[in-house]
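Presented below is the structure to which this report refers.
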Amino acid sequence: MDLAVNVLDPKSLITTFGLIGVLVIVFAETGLLVGFFLPGDTLLVSAGIYTVAGGGLANPLPLPVLMIAAPLCAIAGAQVGHFLGARYGRKMFDRPNSRIFRQDHVDKAEHYFNKFGPAKAVVLARFVPVVRTFLNPLAGMLEMSAIRFFVWNVVGGVIWTETIILIGRFLGDRVKGIDKFVLPVVAVAVLVSVIPVVREVIRGRRSETYKSPKTQQPTGRHRR
């Protein structure tokens, strides 16, 4: 039995570990800092494709189980991340750059948190690789309450997982032989999934432009 697996290749992960592998990776990618490099979006799209009979696996993944378990793992992982951030604070992030950890990942997550506000950032970050890993502990470190975080974590976790999985399912149903072109199809699906984030960024920039004070020209005193 060949146990070689490419952890960056969704097809390799799914064919090797099946449904359990998908769920473990979703949890790790959203909850553990070391999981930021794991495929999240691409894995979920591929999992959706492989729920279709003839989609490329001898035994298709069970769609109902995937639709229930994937959001639960995403929510649980993010809650763990929030707890770790609240428990250990800034020292989680105050470390030198390495092959795994880079400070700019934290800076990018903090930028989203400050730009969109805690609630919207928790939801939108789900659609941004790397940011969704670091934003959860960052929210805990910045003292976003556990209850408030949980509410928006549930909203973001459900929307993210269900949307991505259903995109994969739809493609698997409609495109014959899609298993031969998984990677390019997944790339397109992921681009579609980040449209909400792009829209919010554009909307935020427009709002900042409208709110910026107009330059006032100095005026002389009026003489009577």
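A few remarks follow.
- Charge dipole of the range 37-160 (Cα centre as origin; +1 on each Lys and Arg Cβ, -1 on each Asp and Glu Cβ, all else neutral): 220 debye, rounded to the nearest 20.
- Here the Karplus curve 6.51 cos²θ - 1.76 cosθ + 1.60, taken at θ = phi - 60°, turns the phi angles of the range 119-134 into couplings of 5, 5, 5, 4, 6, 5, 4, 4, 9, 10, x, 6, 4, 5, 6, 8 Hz, with x standing for Gly and Pro.
- Taking every C-alpha pair closer than 8 Å and separated by at least 6 residues, the mean separation divided by the residue count of the range 17-157 gives a relative contact order of 29 percent.
The numbers here are math on the coordinates, done by the rules we state, and not lab data. This one's a predicted model, so the numbers in the text were calculated from it and none came from an experiment. Methodologically, a virtual Cβ is constructed for each residue, glycine included, from the backbone with ideal geometry; neighbour enumeration extends over all protein chains shown.
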